[in-house]
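S.K.: I am attaching a structure below and will ask some questions about it afterwards.
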Amino acid sequence: MNSALACPAKTMSVVNGTNLASLSDGELVVLCQKDNRGAFEVLVKRHQRTVYGMLMKLAPDWTDTADLAQESFIRIWKGINKLQNPQAFKSWVVQIVTHLFYDELRRRPRRTPILSLDQAMYGEDESDAVTRDIEDPAAGPEELLQRKDLDAMVQSAIASLPRQFRTAIVLRELEDLSYDEIAHLTNTDIGTVKSRISRARSKVQQILRPQFGESKKLSA
């Protein structure tokens, strides 16, 4: 993604003798709210992989992810003056990307039916689950490779879920949002969010069980 497109102006990498790249997100947001385009360039470079990756997880079958990531940063720039808590920038970015995703869902013709949670689909036992490991910097090359392979398999399993289940588990497990935050973003009640996440975890386990048995679990 060409970050210059999101902020098409001459930028500065140093403000008052301070290298912008050394500043926190919150400090950069404050500068952006003073119309500092260079600060926004740094935020784009710092978070473009996260935005792109989140869209890939939410909509793995869409072919215009790069364009949507660009649109996300355009929305971020247009709305950054309204962000009252600069320290909450990352959470706010997640909200922007999620809202863009839902806007696109409403705009595009549906290719798959929306499943009812009243329909029995997956197991309901939250203890029956499989999770991603957090990479340990002290691990050896072989273990790191195994964890990378596991992460890829989990991502593939999540991508195979129906949309509403995939969205819920991506926001919970990969973006670390609370149940309340997910309910707000997806415009659903908290009970529905918990049910979707539970069912998604069970399905991921079913997919991964042949490779890993019962040893890996998704966090609650």
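S.K.: Of these, THR98, THR63, THR50, which one is of a type in the set (Val, Ile, Thr) and touching a Ser or Thr at 6+ places or on another chain (Cβ under 8 Å)?
M.R.: Working: THR63 fails: touching a Ser or Thr at 6+ places or on another chain (Cβ under 8 Å); THR50 fails: touching a Ser or Thr at 6+ places or on another chain (Cβ under 8 Å).
Going through THR98, THR63, THR50 in turn, the sole match is THR98.
S.K.: Within region 56-75, can you find the residues that are in contact (Cβ under 8 Å) with a residue 40 or more places away in the chain and in a helix (DSSP H, G or I)?
M.R.: Those that are in contact (Cβ under 8 Å) with a residue 40 or more places away in the chain and in a helix (DSSP H, G or I): LYS57, LEU58, ALA66, ALA69, GLN70, PHE73, ILE74.
S.K.: I'd like the residue in region 25-69 that is surrounded by 21 or more Cβ atoms within 10 Å (Cβ to Cβ) and touching a Cys at 6+ places or on another chain (Cβ under 8 Å) and, out of all such residues, is farthest from LEU161 (Cα to Cα).
M.R.: ALA39
S.K.: Among the candidates THR167, THR188, single out the residue that is of a type in the set (S, T, N, Q), within 20 Å of LEU100 (Cβ to Cβ) and in contact (Cβ under 8 Å) with a residue 24 or more places away in the chain.
M.R.: On the way: THR188 fails: in contact (Cβ under 8 Å) with a residue 24 or more places away in the chain.
Exactly one residue qualifies, and that residue is THR167.
S.K.: I've got another one for you. Go through the residues of region 71-94 one by one and say whether even a single one is in contact with a helix residue (DSSP H, G or I) (Cβ under 9 Å, 6 or more places away or on another chain), farther than 24 Å from SER178 by Cβ and crowded, with 20+ Cβ neighbours inside 10 Å. Give the derivation first.
M.R.: Taking region 71-94 first, the residues in contact with a helix residue (DSSP H, G or I) (Cβ under 9 Å, 6 or more places away or on another chain) are 71-77, 79-81, 83, 85-94.
Checking which are farther than 24 Å from SER178 by Cβ leaves us with 71, 73-74, 77, 81.
Applying the additional criterion that residues be crowded, with 20+ Cβ neighbours inside 10 Å yields 73.
There is at least one residue in region 71-94 that is in contact with a helix residue (DSSP H, G or I) (Cβ under 9 Å, 6 or more places away or on another chain), farther than 24 Å from SER178 by Cβ and crowded, with 20+ Cβ neighbours inside 10 Å.
S.K.: Which residue is nearest to the chain's Cα centre (by Cα), if the candidates are limited to region 170-190 and must be in a helix (DSSP H, G or I) and under 16 Å from TRP92 (Cβ atoms)?
M.R.: Filtering region 170-190 down to residues in a helix (DSSP H, G or I) leaves 170-174, 179-186, 190.
If we keep only those that are under 16 Å from TRP92 (Cβ atoms) as well, we get 171, 180-182, 184-185.
Details: LEU171: 6, ASP180: 16, GLU181: 13, ILE182: 12, HIS184: 15, LEU185: 12 Å.
Restricting to residues being in a helix (DSSP H, G or I) and under 16 Å from TRP92 (Cβ atoms), the top hit is LEU171.
Every read-out reported here was derived from the displayed coordinates using simple, explicitly stated rules and does not represent laboratory data. Source: prediction; values computed, not measured. Cβ sites come from the backbone with ideal geometry, for glycine too, and all protein chains shown count toward neighbours.
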